[in-house]
Amino acid sequence: MQDQEKKKKKADVSAPMSEEKRQNKLKRRKKLKYGGLATAVTVIFVAAVVLVNVIVAQLGKRFPDAVLDLTTSNVYAISDETLDYIKNLDQDVTIAVAAEESNFKTDKYNKMISETISKYQGYSDHISVKYFDTTKDPDVLAEYQDLYGSTINSGQIIVTSGKRIKVYDSFSDMFDVDQQAYQYYQYYGYGSLADCITGFKGEQTLTSAIMNVTDSNPKTVAMIATSNGGSIYAQTQANYGAYTSAKALLEDNGYDVKEIDIMTDELDPTTYDIVLLPAPSSDFTTDAVTKLTNFLYNDGNLGKQLIYIADYSQSATPNLDAFLKEWNIQVDRSVIQDDGSNSQTASTVLGSATFPVVSAPSASSTDSTDGSSSKETYDGNLANPSLPIIAPMARPMDELTANNGRTVTPLLTASNNSYRYPLATPSANSEKSIDSTQGTTDAAATTTAEAVEETTATTTKFDASTAERSSNMVMALCRDQQSTGSELIESDVIVMGSMTLLDYYLVQDASYNNAEYFIGLLNTVCGKDGSIVIAAKDLTKTSISATETQLKTIRTIVVIIIPLIVVAAGVIVAVRRRYR
């Protein structure tokens, strides 16, 4: 019986397959074939997309110009000045981030920093980038901390070259922050951190750091901040803003800045190259003035610079006036006004008003013992000389005649239509004060005209229509130059007529030359390699913009290249199906 069943099954197997079964089997095979092909194509396509992304990312790092920046303020773009500098860099620089790369990039603001750093690496073979975890890589952290001489915290940015190092905070040093909004957020929990950030200054900070660590001739500035513990300058809103912006401007352009007390700290010429004296509200003692004199004399070696900033907020300063007289300069007890075409409306900490526009004449100084060789010019090496330099509330100055071998060179002058508005002794409440312990400022409520009125004499009525009109000097270079036989040595006193020449808003605004002129002039006078003044990228604008070149590239890709790829793929598929 079992043998019969086996024979029957064998007969059934060997029997011809019906047409229906055969067709079903073919369909299953075809379905399996195309299903496998589709799966394979999908896998290949996904792998290709991943590979393309990896390649594009690497090409973006290697060729940063290939990456389009469509942000309104070109947040990720690098200025031509920075490009020229880092492309010609001949020293190795390491930019290290004290955080794991994946964790660091999760924050959108840190990603701005990371993308900018990546571009620097792409533009120069001398720049390398590394990320390290402060807890997982203690040896790396210890190495940097030994070089820095202090603690380095997680998230900080480290720039090194050889034995020189600069360390920056990823928040305060890389972004412009609305201090009032930040304090409300920090102390009261109002708003968010994003509401406090107004600009990205990563390029400014990184370029400055690279210039600093690769500088073979670094300059150190003694910034006189206090006298016996008290603030050196009148604690006004404008003065505070100008002081902080001047300090940041120097640091951002490769100068090492140290704040000192004129009475308790030593002004050692072997430690400092430059002294910055910002509008002392009270007169100096004779001992303090002697410190300045000895610093500039430098035991007969000269080679030092003093930047003296006068201001309308100062009281009488007979000792300092006598010191300036020895350098053949006198600052007048007035402020410059100009109601002609050489004035411009601008926004400052003082408020929005019309201020004089000053210019740099063809100032030069002979740089030879016999007066026959080339001359040094003091035009600030401006990239765009057509941009104005604004001089709010600037006190004019006059050259004095003295047979002491010292020279005075006008640096910035107002137009021939300018006149002098007389000042009396400033009142203590001529402007709203600030809390220097917290660094907060109230909104400026005083216009320039009101500020002048509050500090002018009330015994007489000034009539601008009858005032003498002439060109007025608001910035000067006083030079003591001596010959040692084979070469000239010199010390200089740069006198500025107003703290507001370095007003916070004027320095931050790239449409004015105030910041670039100040740095360019100082570089020339002290013999420092040229620095780069870079404006912060405005982050308060949220719309997306693109240049005409970027738009043309996008149109070409979207309208031509992508459709051609689709058409080509369609033709290939159609031909294969037709002849299969």
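Farther than 20 Å from residue 98 by Cβ, of a type outside the set (Asp, Glu) and within 17 Å of the chain's Cα centre (by Cα): does that describe residue 180? Considered against the rule, which asks whether it is farther than 20 Å from residue 98 by Cβ, of a type outside the set (Asp, Glu) and within 17 Å of the chain's Cα centre (by Cα), residue 180 comes out as no. Checked against the criterion of being of a type in the set (Asp, Glu), within 30 Å of residue 359 (Cα to Cα) and at pLDDT below 80, region 543-560 contains not a single residue that satisfies it. In region 469-522, of all residues being within 19 Å of residue 355 (Cβ to Cβ) and among the β-branched types (Val, Ile, Thr), the one that is modelled with the lowest pLDDT corresponds to 507. Residues of region 140-154 that are assigned to a helix (DSSP H, G or I) and within 14 Å of residue 99 (Cα to Cα): 140, 141, 144.
The rows are residues; the columns are (1) surrounded by 15 or more Cβ atoms within 10 Å (Cβ to Cβ); (2) of a type in the set (Val, Ile, Thr); (3) at negative phi; (4) without any contact (Cβ under 8 Å) to a residue 12 or more places away in the chain.
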site	(1), (2), (3), (4)
109	yes, no, yes, no
127	yes, yes, yes, no
139	no, no, yes, yes
147	yes, no, yes, no
152	yes, yes, yes, no
155	yes, no, no, no
168	yes, no, yes, no
177	yes, yes, yes, no
184	yes, no, yes, yes
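The number of residues in region 200-226 being under 10 Å from the mean Cα position of the chain (by Cα) and assigned to a strand (DSSP E or B) comes to 1. What do you reckon, is residue 172 loosely packed, with under 13 Cβ neighbours inside 10 Å, within 23 Å of the chain's Cα centre (by Cα) and among the small types (Gly, Ala, Ser)? Here the answer is yes, as residue 172 does meet what is asked.
On the given criteria, is residue 251 within 24 Å of the chain's Cα centre (by Cα), free of Cβ contacts under 8 Å to residues at least 60 places away in the same chain and outside any helix (DSSP H, G or I)? Outline the logic, then answer.
Details: within 24 Å of the chain's Cα centre (by Cα): yes; free of Cβ contacts under 8 Å to residues at least 60 places away in the same chain: yes; outside any helix (DSSP H, G or I): no.
In short, no.
What are the residues in region 300-319 that are under 33 Å from the mean Cα position of the chain (by Cα) and crowded, with 16+ Cβ neighbours inside 10 Å, if any? Residues satisfying the conditions are 302, 304, 305, 306, 307, 308, 309, 310, 311, 312, 313, 314. Listed conditions (1) surrounded by fewer than 19 Cβ atoms within 10 Å (Cβ to Cβ); (2) part of a strand (DSSP E or B); (3) of a type outside the set (Lys, Arg) are all met by residue 297, apart from (2).
The values are calculated or read from the model by the stated rules, or taken from the named source; none is laboratory data. Just so it is clear, the structure is predicted and the values come from calculations on it, not from any experiment. Here the Cβ is made from the backbone with ideal geometry for all residues, glycine too, and neighbour counts use every protein chain on show.
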